[in-house]
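Below: the structure, in structure tokens.
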Amino acid sequence: MHPHLFPTIKLCLMIVTITLIHFPTSLLADNEQYLTCEAPFNCGNLMNLGYPFWGSNRPNYCGHPSFQLDCSSNVPQINLTTMNYSVLEINNSSRTLKVARTDYLDTICPAAFVNTTIDNNFFSYTSGDTNLTLYYDCRTPLAAFPHLAFYQFNCSINGTNFINYYTQVSEAFLAFSYLTGACKYRVNVPVQTDFPTAATNDAAIAAIDSGFMLGWNATNSQCDTCLKAGGLCGSDPTTIVYGV
């Protein structure tokens, strides 16, 4: 399946239906599709990308439906279960990408307090990730509990200033907040384990903006076999044909 060996170049595509379950298979495509998907593409400041990613001028059949990139700015974005992330790095060898929540970009006072979500069908957290837990609208001062590793910060919620805290020791703090009703909102934001020890707003913002790692899995044995044979993987989300 090497283009220089055959007059008709063939492309292995993963047939994917837009359902909760994706059914992969293979089919033959013409030279134009193969050549389109064979060439790597650039998206913002990320270079030489390929399957399962697609976006910009790269057709959707070259990638996987859940891996569309928004390439309209210098830092690409990806949407996972309605949550937007900046894509900071993509490593094809380890099948990982580093992402950061766009709603927390340069701030720890977002417009809405929403927990981090990912598509667990295709993405997974890595061992290097840990949660930075932010508590908002805390009505009970916690200065009397020095054994808890929490740090105070201020946010204006609906025009009113409230006391807020963040911590990486979420279990102890969570138990306390639930027992006392101390805080109204709780948001977990993954960060890398090398979170700075300096208790400042800037340190927390920097940790969140630095992102966290996700592993991805968009292939199966058919796709891997196709790749080893010199083909390419892609998808056709409009078909319901499972075998060609």
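The values are calculated or read from the model by the stated rules, or taken from the named source; none is laboratory data. Remember, predicted model here, so these are calculated numbers, not experimental data. Quick reminder, even Gly has a Cβ in these numbers, built from the backbone with ideal geometry, and neighbours come from all protein chains shown. Ligands, DNA and RNA are excluded from the accessible area calculation, which covers all protein heavy atoms including side chains. Shrake-Rupley method; radii C 1.70, N 1.55, O 1.52, S 1.80 Å.
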- request: Report, by residue number, each residue of segment 209-237 that is under 29 Å from THR116 (Cβ atoms) and assigned to a helix (DSSP H, G or I).
  value: ASP209, CYS223
message: Being loosely packed, with under 13 Cβ neighbours inside 10 Å, over 22 Å from the mean Cα position of the chain (by Cα), modelled with pLDDT under 80 and of a type in the set (A, V, I, L, M) narrows it down to one residue among LEU5, LEU13; which is it?
response: LEU5
query: Among (1) surrounded by 15 or more Cβ atoms within 10 Å (Cβ to Cβ); (2) at pLDDT 85 or above, which single condition is PHE150 missing?
result: (2)
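Every residue, every condition in (1) over 30 Å from ASN217 (Cα atoms); (2) of a type in the set (Gly, Ala, Ser); (3) modelled with pLDDT under 95, yes or no:
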residue	(1), (2), (3)
GLU89	no, no, no
SER93	no, yes, yes
THR102	no, no, no
VAL114	no, no, yes
LEU132	no, no, yes
LEU142	yes, no, yes
PHE162	yes, no, yes
TYR165	yes, no, yes
query: When CYS183 is evaluated against the numbered criteria (1) open to solvent by 50 Å² or more (accessible area, probe 1.4 Å); (2) at pLDDT below 85, which criterion, by number, is the only one it fails?
result: (1)
